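The values are calculated or read from the model by the stated rules, or taken from the named source; none is laboratory data. Please read all numbers here as calculations on a predicted model, not as lab measurements. All Cβ positions, glycine included, derive from the backbone under ideal geometry; neighbour counts span all protein chains shown.
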Amino acid sequence: MRATTQRRGLLAAIALLPVLALSACGSDPAAPGTAKPAPAGSQVGISADEDVVSALTKVDSIAALVPEEVRKAGAVKVGGSVGSPPTAYYQDQANKKLVGIDIDFTDAVGRILGLTVQREEAKFETILPALDSGKYDFGVGNFGVTTARLKTIDFVTYIDDGQGFAVKKDNTTVQPVTDLGQLCGLVIGVGAGTTFESTLNSKKNICADTGRKPFEVKAFSDNGAVLTGLQQGRIDIVMSTINGLRYQAAQPGAGTKFLGEFHRLDVGFAFKKGSALTPAFQGAVNQLIKDGTYDRILKKWGVTDSAIKESLISPPEHP
């Protein structure tokens with residue numbers, strides 16, 4: 001009997017794995033919640049094998065924006081994190097086939113600029129610091145544009161994502177979060193080193209200030225530990241990216257429920273402050289928007305509501 005119970009728990013846990021590869025997207029601690037309910041009956045379908053990039057060719061007028069030394073080298077080096085669908089993940093772990101929104105946009109920009117993209121897998125918390133040292137020319141990892149990050153990083157935006165919350169599917173007590181005060185008394189699971197963690201920790205006093213039990217933030221570097229905590233009821237709620245949580249909740253047997261959006265953020269390619277590459281990348285993203293490739297990528301990954309009208313360089317954080 002015990003073995004059967006453990007097996008059922010294991011199968012349920014496996015179904016939850018993608019939601020717990022938490023990304024680097026996040027918000028400035030002072031940002032207010034702007035919750036939007038999850039669409040009723042919404043489904044997130046993806047077609048990971050669809051090729052929407054390889055037909056792209058170099059656009060000379062945009063490639064001319066690339067600094068001369070980079071044009072001569074013919075390549076740029078990117079530090080990229082690997083997490084969960086639909087951002088960047090291994091579709092085929094054995095053959096290391098990497099797919100996702102970030103992969104398609106990075107490849108597409110490289111083709112428009114006539115550059116070879118040399119990708120190095122890295123933990124997302126190491127990518128932004130490595131930009132200043134010159135280890136990478138740019139970084140990808142669903143990096144949200146925040147006020148804090150803009151002090152040291154330049155961004156070229158390509159989608160709109162942000163912060164959201166999810167619980168176990170059978171949880172009927174936690175409602176869509178519009179204010180962090182609603183989390184008082186709850187245990188929240190986040191990825192270690194993320195801005196989800198810093199956002200929550202900076203606001204822990206809001207409960208004590210009103211005489212309520214503080215919420216507890218549990219940060220994990222190991223995804224399996226977050227999974228186990230949620231499945232066993234040691235974590236009440238997970239804070240992560242809107243697209244990732246919505247995708248996971250739509251999968252059959254996932255066992256999670258997306259509570260809705262909390263705070264939207266632009267997401268961008270990350271660069272060392274003052275990088276001369278940003279105008280070229282901005283031009284490339286806007287070319288993708290113009291020629292229709294942009295819409296095809298978003299549709300492929302089921303994230304059409306993350307579209308932006310125009311790529312910008314280091315815009316202010318969403319209010």
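Scanning region 233-251 for residues that are in contact with a Phe, Trp or Tyr (Cβ under 7 Å, 6 or more places away or on another chain) and modelled with pLDDT under 90 turns up SER240, LEU245, ALA249. Every condition in (1) under 20 Å from HIS263 (Cβ atoms); (2) in the same structural domain as GLN248 (by TED's automatic domain parsing); (3) in contact (Cβ under 8 Å) with a residue 60 or more places away in the chain holds for CYS184 except the one numbered (3). In region 215-224, the count of residues that are β-branched (Val, Ile, Thr) and either touching a Phe, Trp or Tyr at 6+ places or on another chain (Cβ under 8 Å) or surrounded by 24 or more Cβ atoms within 10 Å (Cβ to Cβ) (or both) is zero.
Determine, yes or no, whether PHE165 is surrounded by 22 or more Cβ atoms within 10 Å (Cβ to Cβ), over 30 Å from GLY211 (Cβ atoms) and out of contact with any His (no Cβ under 7 Å at 6 or more places or on another chain). It would help to see each step written out before you state the result.
Working: surrounded by 22 or more Cβ atoms within 10 Å (Cβ to Cβ): yes; over 30 Å from GLY211 (Cβ atoms): no; out of contact with any His (no Cβ under 7 Å at 6 or more places or on another chain): yes.
In short, no.
Does VAL52 fit the bill of being farther than 27 Å from ILE153 by Cβ, in contact with a Ser or Thr (Cβ under 7 Å, 6 or more places away or on another chain), at pLDDT 90 or above and surrounded by 11 or more Cβ atoms within 10 Å (Cβ to Cβ)? Criteria met by VAL52. Within region 69-91, the set of residues being hydroxyl-bearing (Ser, Thr, Tyr) and free of Cβ contacts under 8 Å to residues at least 12 places away in the same chain comprises TYR90 only. Reported count of residues in region 237-257, each being within 20 Å of LEU298 (Cα to Cα) and either touching a strand residue (DSSP E or B) at 6+ places or on another chain (Cβ under 9 Å) or among the aromatic types (Phe, Trp, Tyr) (or both), is 11. Across region 257-276, the number of residues qualifying as more than 22 Å from the chain's Cα centre (by Cα) and either hydroxyl-bearing (Ser, Thr, Tyr) or surrounded by 20 or more Cβ atoms within 10 Å (Cβ to Cβ) (or both) comes to 1. Among the residues of this structure, ALA284 counts as one that is more than 18 Å from the chain's Cα centre (by Cα), closer than 30 Å to THR126 by Cβ, at pLDDT 95 or above and not in a loop (DSSP other than H, G, I, E, B).
Return the residues of region 260-290 that are farther than 23 Å from ILE153 by Cα and in contact (Cβ under 8 Å) with a residue 24 or more places away in the chain; say none if nothing qualifies. Break it down stepwise before answering.
Step one: filter region 260-290 for residues farther than 23 Å from ILE153 by Cα, giving 260-262, 287-290.
Listed by number, the residues that qualify are GLY260, GLU261, PHE262, GLN287, LEU288.
Confirm whether LEU230 is within 21 Å of GLN163 (Cβ to Cβ) and either surrounded by 19 or more Cβ atoms within 10 Å (Cβ to Cβ) or assigned by TED's automatic domain parsing to the domain that holds PHE124 (or both). Spelling it out, LEU230 is indeed within 21 Å of GLN163 (Cβ to Cβ) and either surrounded by 19 or more Cβ atoms within 10 Å (Cβ to Cβ) or assigned by TED's automatic domain parsing to the domain that holds PHE124 (or both). Of the helices (runs of 4 or more DSSP H) lying entirely inside region 108-212, those containing at least 2 residues that are hydrophobic (A, V, I, L, M, F, W, C) and closer than 30 Å to LYS96 by Cβ are 124-133.
Scanning region 123-146 for residues that are more than 17 Å from the chain's Cα centre (by Cα) and of a type outside the set (Phe, Trp, Tyr) gives PRO129, ALA130, LEU131, ASP132, SER133, GLY134, LYS135, ASP137.
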